[in-house]
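Okay, structure first, notes after.
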Amino acid sequence: MRRFEGQTALVTGGAKGIGAATAARLASEGAHVVIADFDEAGATETAEKIGGRAVRCDVTSREDVEAAVAAASETGRLDILVTCAGIIRDNLLHKMSDDDWDAVISTHLRGTFLSARAAQGPMVEQKSGSMVLISSVSALGNRGQANYSAAKAGIQGLAKTLSLELGRFGIRANCVAPGFIVTAMTAQTAERIGVSFEDFQAAGAAQTPLGRVGQPEDVAGVVAFLCSDDASYVSGQVVYVRGGP
Ligand code: NDP
């Protein structure tokens, strides 16, 4: 399938994990992909593998985000925005610091807002576009993740509002909410709680109806579907990618 031939995609947090798999999937179907990430070396490495472009970008910075959108728009268009940049700073509420709260809200919620606001400019002009914002099952609540859960639930509200405001310009906005996906982020959680990543994955698999944890490519395929014309009448939705209900 070459569903994205001639299209330009901007993927935040695309250096590794879900963002890198998404960037690779979009590129494999013909998109020119610009990867915007904090991790410049990782972004460059991923971009080189897929024939895309890397830009260093902190999604909490308006200037950085606008520069990333401008870089992607140098192709003359911006068709796809996927927001994957993310961090975790888990702790129980009574031990969660102001900094832990602010860092997570700022990266996920402000970062997604800044990215969507910047991307809507060229998309409104060309009267088409698709945004996929990465949320999480944690949006439904998760012990030790007050900051992350609040941000990920907020991203769902943001996507629904974007779908209402931008639909008349031919722009769709949806969320993908993954469950346990094998990435550096889940490896970090295993390390924090003091179990091996293998044991952590086995425990995650045991709690999942499909009997396994997810891989970044499991998410990338759904993101690609939502970005594509196959989802041309789907907007304002949240698709859970969690191996179960
Ligand atoms: P990774 O840690 O593998 O990748 C996240 C990327 O985002 C990293 O390259 C990271 O750079 C980058 N990043 C962090 N902060 C910023 C910032 N301020 N500006 C730009 N880039 C930044 O995570 P995942 O692939 O697992 O996660 C991708 C998304 O999916 C996140 O939004 C996450 O919350 C979400 N998600 C993940 C799940 C999972 O199980 N893995 C489940 C549900 C949702 P650096 O490494 O330098 O910090």
Looking at GLY51, GLY141, can you tell me which residue is within 21 Å of ALA21 (Cα to Cα), without any contact (Cβ under 8 Å) to a residue 40 or more places away in the chain and either surrounded by fewer than 18 Cβ atoms within 10 Å (Cβ to Cβ) or of a type in the set (Phe, Trp, Tyr) (or both)?
GLY51
Inside segment 115-146, the number of residues satisfying the requirement of being over 17 Å from VAL65 (Cα atoms), assigned to a helix (DSSP H, G or I) and within 11 Å of the ligand (Cβ to nearest atom) is 3
Check on TYR240, of a type in the set (Ser, Thr, Tyr) and surrounded by fewer than 19 Cβ atoms within 10 Å (Cβ to Cβ):
yes
Read through the list (1) open to solvent by 20 Å² or more (accessible area, probe 1.4 Å); (2) part of a helix (DSSP H, G or I); (3) modelled with pLDDT of 95 or more, then give the number of the only condition that ALA151 fails.
(1)
Which listed residue, of ASP199, ASP218, is open to solvent by 80 Å² or more (accessible area, probe 1.4 Å) and in a helix (DSSP H, G or I):
ASP199
Please name all residue pairs, on different chains or six or more residues apart, with Cβ atoms under 7 Å, provided the first residue is in segment 165-186 and is open to solvent by 40 Å² or more (accessible area, probe 1.4 Å) and the second residue is near the ligand (Cβ under 6 Å from one of its atoms) and of a type in the set (Ser, Thr, Tyr).
PHE180/THR186
For segment 21-45, give me each residue that is over 30 Å from TRP101 (Cα atoms) and in contact with a strand residue (DSSP E or B) (Cβ under 6 Å, 6 or more places away or on another chain).
LEU26, ALA27, ALA31, HIS32, VAL33
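The values are calculated or read from the model by the stated rules, or taken from the named source; none is laboratory data. All figures in this text were calculated on a predicted structure; none of them were measured in a lab. Glycine also receives a Cβ, built like all others from the backbone with ideal geometry; neighbour counts cover every protein chain displayed. These area figures cover heavy atoms from the full protein model, side chains too; ligands, DNA and RNA do not enter into them. Shrake-Rupley method; radii C 1.70, N 1.55, O 1.52, S 1.80 Å.
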